[in-house]
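The values are calculated or read from the model by the stated rules, or taken from the named source; none is laboratory data. The shown structure was predicted, so the numbers you read here are calculated from the model rather than taken from an experiment. We place every Cβ from the backbone using ideal geometry, glycine too, and count neighbours over all the protein chains shown.
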Amino acid sequence: MSELIRFGISIEQSLLTKFDDLIQSRSYENRSEAIRDLIRKELVGEQWQQPNAAAVGTITIIYDHHVRELTEVLTSIQHDHETAIIASTHVHLDHHNCLEVIIVKGKTSDIRTLADQLISLKGVKHGQLSMTSSGDIG
Ligand code: NI
């Protein structure tokens, strides 16, 4: 970790009160850590706007495995992106529904393309790309 710098922030009392309520509800011990996380979140978001930036993330999908050929299509798409996929986990939630978490690493544009292809399939009920960073944001 690099050297810590202290700096002052001017902020309206009402906004600060709301911020304090929010960070307390999220179990932050102090404002500094909450503000650092907000800054990192913005930096990760900015990184994901660059199509060639290196990033890591997870794609979570819920789908009905009874939908015709869906399982085969999901597998085929993942094989087409094998260099971006580090690992995946499959859980049989109930008689119909499967949960799959796919851990991805690579160029943001490739990861987005993969996520879009999986999430848009008929039978995929919900999907979410969770974007993070490989750790070079401080
Ligand atoms: Ni299953």
It is to be established whether one or more residues within segment 61-75 are modelled with pLDDT of 95 or more, away from the ligand (no atom under 16 Å from the Cβ) and among the hydroxyl-bearing types (S, T, Y). no
Select from segment 112-138 the residues that are of a type in the set (A, V, I, L, M, F, W, C) and under 28 Å from E33 (Cβ atoms) and write down the one among them that is farthest from the chain's Cα centre (by Cα). I137
Considering residues of segment 94-128 that are assigned to a loop (DSSP other than H, G, I, E, B) and within 13 Å of the ligand (Cβ to nearest atom) only, the residue surrounded by the most Cβ atoms within 10 Å (Cβ to Cβ): G123
Please tell me if V73 is farther than 30 Å from I39 by Cα and touching a Phe, Trp or Tyr at 6+ places or on another chain (Cβ under 7 Å). no
Failed condition for V91, given (1) modelled with pLDDT of 95 or more; (2) surrounded by fewer than 17 Cβ atoms within 10 Å (Cβ to Cβ); (3) more than 16 Å from the ligand (Cβ to nearest atom): (3)
Checking V67 against (1) among the hydrophobic types (A, V, I, L, M, F, W, C); (2) surrounded by 14 or more Cβ atoms within 10 Å (Cβ to Cβ); (3) out of contact with any Leu (no Cβ under 8 Å at 6 or more places or on another chain); (4) part of a strand (DSSP E or B), the condition it does not meet: (4)
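Looking only at residues in segment 55-64 that are in contact with a helix residue (DSSP H, G or I) (Cβ under 8 Å, 6 or more places away or on another chain) and farther than 13 Å from V124 by Cβ, which one is surrounded by the most Cβ atoms within 10 Å (Cβ to Cβ)?
G57
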State the number of residues belonging to segment 46-64 that are more than 30 Å from F7 (Cα to Cα) and either without any contact (Cβ under 8 Å) to a residue 24 or more places away in the chain or part of a strand (DSSP E or B) (or both). 10
For the list (1) surrounded by 14 or more Cβ atoms within 10 Å (Cβ to Cβ); (2) more than 13 Å from the ligand (Cβ to nearest atom); (3) assigned to a helix (DSSP H, G or I); (4) not aliphatic (A, V, I, L, M), I need the number of the one condition that H79 fails. (1)
For segment 34-45, check the following and say yes or no: at least one residue is part of a helix (DSSP H, G or I) and small (G, A, S). yes
